1. Within the range 354-366, does at least one residue satisfy the condition of being modelled with pLDDT of 95 or more, of a type outside the set (D, E, K, R) and surrounded by 24 or more Cβ atoms within 10 Å (Cβ to Cβ)?
2. Name the residues in the range 400-425 that are β-branched (Val, Ile, Thr), touching a helix residue (DSSP H, G or I) at 6+ places or on another chain (Cβ under 8 Å) and open to solvent by 10 Å² or more (accessible area, probe 1.4 Å), would you?
3. Which count do you get for residues in the range 246-272 that are part of a loop (DSSP other than H, G, I, E, B), closer than 25 Å to ALA454 by Cβ and either open to solvent by 10 Å² or more (accessible area, probe 1.4 Å) or not β-branched (Val, Ile, Thr) (or both)?
4. Among the helices (runs of 4 or more DSSP H) contained in the range 1-116, which hold 1 or more residues that are touching a strand residue (DSSP E or B) at 6+ places or on another chain (Cβ under 6 Å), modelled with pLDDT of 50 or more and farther than 21 Å from THR305 by Cβ?
5. Considering each residue of the range 473-486, count those that are open to solvent by less than 60 Å² (accessible area, probe 1.4 Å) and in contact with a strand residue (DSSP E or B) (Cβ under 8 Å, 6 or more places away or on another chain), and give that number.
6. If I go through the range 487-515 residue by residue, how many of them are assigned to a loop (DSSP other than H, G, I, E, B) and open to solvent by less than 40 Å² (accessible area, probe 1.4 Å)?
7. Tell me whether the range 144-167 contains one or more residues that are open to solvent by 10 Å² or more (accessible area, probe 1.4 Å), in contact with a strand residue (DSSP E or B) (Cβ under 9 Å, 6 or more places away or on another chain) and over 20 Å from GLY430 (Cβ atoms).
8. What do you reckon, is LEU346 open to solvent by 10 Å² or more (accessible area, probe 1.4 Å), on the phi < 0 side of the Ramachandran plot, among the aliphatic types (A, V, I, L, M) and modelled with pLDDT of 95 or more?
Amino acid sequence: MAHLGSVRRRALAVPVGLALTASLAVLPSVSASAAPLGTTADAATAAPKAATTGPKLSYVANLNAYATMKAAKKAVERAGGTVVTAYEQIGVVVAHSQNPDFAKQLRAQRGLFVSVGATRTAPMQAVQTTDEGATQLLSGADAAKAAARAQEGQEPLEPNQWDLRTIKADEAHKINDGSQDVTVGIIDTGVDDTHPDLAPNFSKGQSANCVGGVADTTDGAWRPYPDGSDHGTHVAGTIGAPRNGVGISGVAPGVKIAAIKVSEPGTSLFYTEAVVCGFMFAAEKGIEVTNNSYYVDPWLFNCKTDDDQKALVEAIGRATKYAERKGTLHVASAGNSNQDLAADSLEDTTSPNDTTPVTRTIDPKVCLDLPTQLPGVVTVSATGDKGLRSYYSSYGLGVVDVAAPGGDKWQVPATPDANGRVLSTVPGGGYGYKQGTSMAAPHVAGVAALLKSAHPSATPSQLQAMLKAQSTKAACPTQIYDATGALINATTCQAKWGQTGYYGYGVVDALKAVK
């Protein structure tokens, strides 16, 4: 939920699609000629110069299925915009403009555009996550305590990894660690590929910085900003830290990991143009699984009834479907707002999060959390060591697909550190604890990578079906912990169709994935 956890989100913070119609999803030919309705070459030539009195904003413009990219680019320029990049595969243009009426002028050209919208409400300056709370660094004393308890075949810090044992990843590793032919792309705040517990599995050739909407593959561009977030690096360790006698083990320690950085410097906000770039880059680089522990900023929920927000839903929806058709499965965190995403209405008090939020009541069936609620995306809720839904985790019957360990400080495990959060890698070669649905999603991405390793020809939809079928069923609990650590009645959990709102089809199982 642009936000880490959605880093923020999937761990605990968060700001934010529409399924494309079959014709738009396929976009058979973005090359058929079409001119903007009511516009002639002479009229375009005579058109007054576009205003440049507004703040510089970034926009996405989604083409009509029969419009040409050449005509769309010309329309953008006539309206006072500069084309940043254009994805002919999905009919999406990213542009910048200071024309206050830029979107309005393009929307009027229905022969060219389906939707056009600003990706932010704040002027551009030279995405976010879903983790809950600050990172707690592993102390030297706790590291030594864990190493002293490590058994033969375990990584030094593995005794503290209650989360691996919860999904039987430790048992799965005795059969299959995963294949180097499978890559998980971490769309996040960047990954420190120099970390000794990540470097052996890191794929530089499949990594980039997508901030701004154009992929930068310069060496190291995918790393976190010097003053940036440790979110992406933490997610990376959970997915693919190798069994190399150093630190921890990932869920799929034999697969490759790649970093696709999409978070803005300074704010760590995840804007649409960067996220679209991330999905398109993953598709073109042959990445099999993406992990998305964030929500797309600045809207926690994007309403299809709003001209700007529906354009963001459309653009990201096109990108995820394109990548899915290219063989990429997407995994996303449910968010850390402790909200029922299947409710009739929800109150959103955090959007837009890049300027001044306003309180609004939304219908989560119309206003979507991106990319969490897009079709084809595996939505993940978080659990703690006792198997209960984590106190911060969002949920929803028919929305959440599966659950996985995300950590819960109130569900204390019998580990050397007695810490209920998830231990993983942080920049600079260290280790730390985080909790959030941001930490749950990478466990599922890791299991999906193990499934892809065992079934190389499986499609994204087949992998998703296996994740659900192989999950350990979990009934609605009678009680859960609240934010204060008190046990309360779990009255918000609903069950139907073999699913629950808290856990979906159940908690993922790594052992079943490799058998």
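The values are calculated or read from the model by the stated rules, or taken from the named source; none is laboratory data. Please read these numbers as outputs of a predicted model, since none were measured by experiment. Heads up, the Cβs are rebuilt from the backbone with ideal geometry, glycines too, and the neighbour counts pull from every protein chain shown. What goes into the accessible areas is simple: the full protein's heavy atoms, side chains included, and nothing from ligands, DNA or RNA. Shrake-Rupley method; radii C 1.70, N 1.55, O 1.52, S 1.80 Å.
1. Within the range 354-366, not a single residue is modelled with pLDDT of 95 or more, of a type outside the set (D, E, K, R) and surrounded by 24 or more Cβ atoms within 10 Å (Cβ to Cβ).
2. Listed by number, the list holds a single entry, THR415.
3. Qualifying residue count, the range 246-272: 5.
4. Here the list reads 69-78.
5. So the answer is 6.
6. Number of matching residues: 8.
7. Yes, the range 144-167 has at least one match.
8. Taking the combined requirement at face value, the residue satisfies it.
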